[in-house]
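We did not get these values from a lab; they are worked out from the coordinates using the rules stated. All of these numbers come straight from a predicted model, not from anything done at the bench. Because the Cβ atoms are built from the backbone with ideal geometry, glycine has one as well, and the counts that use them run over all protein chains shown.
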Amino acid sequence: MSPMRFSVRLATAAFLALALAGCSHMTRGQQRALSGGAIGAAGGAALGALTGGSAVTGALLGGAGGAAVGALTR
């Protein structure tokens with residue numbers, strides 16, 4: 001892996017960690033919706049890229065589905 005690519009990944013991980021750290025004031029339902037959306041977006045992007053489709057479309061659909069399921073989970 002090139003040093004530039006590693007730096008981008010590290011910066012992205014740091015940004016996401018800091019962004020999620022600011023969610024302590026959210027209700028449990030809101031936290032589940034946010035984490036479900038993030039997990040769904042990552043999974044959708046991965047599946048879209050692996051199957052030869054659009055990673056962006058997969059991320060959008062996966063994120064929407066994950067957020068909905070997370071919000072509906074009790």
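Taking into account only those residues within the range 39-74 that are exposed (fewer than 15 other Cβ atoms within 10 Å of the Cβ) and among the β-branched types (Val, Ile, Thr), which is farthest from Leu16 (Cα to Cα)?
Here the residue is Thr51.
Of Ala21, Ala14, Ala45, which residue is of a type in the set (A, V, I, L, M, F, W, C) and touching a helix residue (DSSP H, G or I) at 6+ places or on another chain (Cβ under 7 Å)?
Testing whether each residue is of a type in the set (A, V, I, L, M, F, W, C) and touching a helix residue (DSSP H, G or I) at 6+ places or on another chain (Cβ under 7 Å) leaves just Ala45.
Looking at the range 1-42 only, could you name the residues that are of a type in the set (Lys, Arg) and under 22 Å from Leu61 (Cα atoms)?
Arg32
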